[in-house]
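Undergrad: Here it is, the structure in full.
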Amino acid sequence: MAKIGFIGMGNMGTAILKGALREFPKEDMVFCARTLETKRRIYEKTGVEYTDSNAECANKCKYLILAVKPQFYEEVLKGIRYMLTPEHVILSLAPGRTIDELKMNLGADKRIVRVMPNTPSMIGEGMTGISCRKEEFSDLELNVMEKLFGACGKAEYVEERLMDAVVCASGSSPAFVYMFIEALADGAVRCGMPRKQAYLFAAQAVKGAAEMVLKTGEHPGVLKDQVCSPAGTTIEGVAVLEEYGMRNAVLKASEAVYKKCTNM
């Protein structure tokens, strides 16, 4: 029996599968996707076997990762409901779907874990929030989950009430960061730098700044102040960002993400 099953091979399902392959042998995994074309493509890239149906995938694994798009979620749950047992560990990536809701749908005896990873998991630099009722799981099962998502980057347990905030902080935010990198590069191109070089400089600056926050433990405001020399170039740029409401725009974007989560 395969240890880990995946239903859904979109961006997130693929990212976690690739991360898992760093820690688990391909023989310990199985997956299912909507189309045969996707199944064959993922198999050719990873060597992980696929199944003909979602129900078969659920039947062949203990840890089942549901990485399906919201519009297909009810259909998938309906198709696997009667294949699930209390022995399964069901890991749901669906934003806004609570543990209680999923238990109502799948059965009160089912063991549910809510998970919110992000796409950098594909290169081992992801951030994953995990929420579950730990008393329902053995130490071994918790260790497997930690190993799985640790292989994708960093992972933290959070209270379930904070899972929608995780979507704001790390689930959706890579898209915002990519927009920021693109804008930084556009600025450099405007000043004459070749596009390819501009992306390199901008992306490395963002990566380095993030590492400074993680490795120094300093408040981001302190690190920002260290770059801003009196009457220098950086403080001029900071003043313009404040004038045009950069912080407020990010707060509003996070608010929009949170509202969408709570209304799904």
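The values are calculated or read from the model by the stated rules, or taken from the named source; none is laboratory data. Computed from a prediction, not measured in an experiment: that's the story for all the values here. Virtual Cβ from ideal backbone geometry, glycine too; neighbours counted across all protein chains shown.
Undergrad: Among Val113, Val189, Val177, which is in contact with a strand residue (DSSP E or B) (Cβ under 9 Å, 6 or more places away or on another chain) and either aliphatic (A, V, I, L, M) or not in a helix (DSSP H, G or I) (or both)?
TA: Val113
Undergrad: Please specify each residue of segment 63-88 satisfying the condition of being under 25 Å from Lys147 (Cβ atoms) and surrounded by fewer than 16 Cβ atoms within 10 Å (Cβ to Cβ).
TA: Correct list: Thr85, Pro86, Glu87.
Undergrad: Going by the conditions given, is Leu91 among the hydrophobic types (A, V, I, L, M, F, W, C), at pLDDT 95 or above and either touching a strand residue (DSSP E or B) at 6+ places or on another chain (Cβ under 8 Å) or surrounded by fewer than 20 Cβ atoms within 10 Å (Cβ to Cβ) (or both)?
TA: Yes: the conditions hold for Leu91.
Undergrad: Same structure, new question: State the number of residues belonging to segment 34-54 that are of a type in the set (A, V, I, L, M, F, W, C) and more than 28 Å from Asn143 (Cβ to Cβ). Let's see the steps before the verdict.
TA: Kept after step one, since they are of a type in the set (A, V, I, L, M, F, W, C), are these residues of segment 34-54: 36, 42, 48.
Narrowing the set further to residues that are more than 28 Å from Asn143 (Cβ to Cβ) leaves 36.
Adding up the residues that qualify gives 1.
Undergrad: If you take the residues in segment 118-148 that are part of a helix (DSSP H, G or I), of a type in the set (A, V, I, L, M) and in contact with a helix residue (DSSP H, G or I) (Cβ under 6 Å, 6 or more places away or on another chain), which one is nearest to Thr14 (Cα to Cα)?
TA: Out of the qualifying residues, it is Met122.
Condition check ((1) in contact with a strand residue (DSSP E or B) (Cβ under 8 Å, 6 or more places away or on another chain); (2) in the same structural domain as Phe31 (by TED's automatic domain parsing); (3) farther than 18 Å from Arg133 by Cα) across all residues:
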residue	(1), (2), (3)
Glu49	yes, yes, yes
Asn54	yes, yes, yes
Tyr73	yes, yes, yes
Arg81	no, yes, yes
Arg97	yes, yes, no
Met104	no, yes, no
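Undergrad: Quick check on my filter: what residues within segment 102-130 are polar (S, T, N, Q) and surrounded by 22 or more Cβ atoms within 10 Å (Cβ to Cβ)?
TA: Hits for segment 102-130 are Asn118, Ser121, Thr128.
Undergrad: Select from segment 248-264 the residues that are over 16 Å from Ser170 (Cα atoms), within 23 Å of the chain's Cα centre (by Cα) and assigned to a helix (DSSP H, G or I) and list them in ascending order.
TA: Ala249, Thr262
Condition check ((1) hydrophobic (A, V, I, L, M, F, W, C); (2) assigned to a helix (DSSP H, G or I); (3) surrounded by 24 or more Cβ atoms within 10 Å (Cβ to Cβ)) across all residues:
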position: Phe6; (1), (2), (3): yes, no, yes
position: Ala15; (1), (2), (3): yes, yes, no
position: Gly19; (1), (2), (3): no, yes, yes
position: Glu23; (1), (2), (3): no, no, no
position: Glu27; (1), (2), (3): no, yes, no
position: Glu37; (1), (2), (3): no, yes, no
position: Tyr43; (1), (2), (3): no, yes, no
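Here's the yes/no breakdown for (1) more than 21 Å from Lys18 (Cβ to Cβ); (2) at pLDDT below 95:
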{"position": "Glu146", "(1), (2)": "no, yes"}
{"position": "Glu159", "(1), (2)": "yes, no"}
{"position": "Asp164", "(1), (2)": "yes, yes"}
{"position": "Ser173", "(1), (2)": "no, no"}
{"position": "Tyr178", "(1), (2)": "no, no"}
{"position": "Asp186", "(1), (2)": "yes, no"}
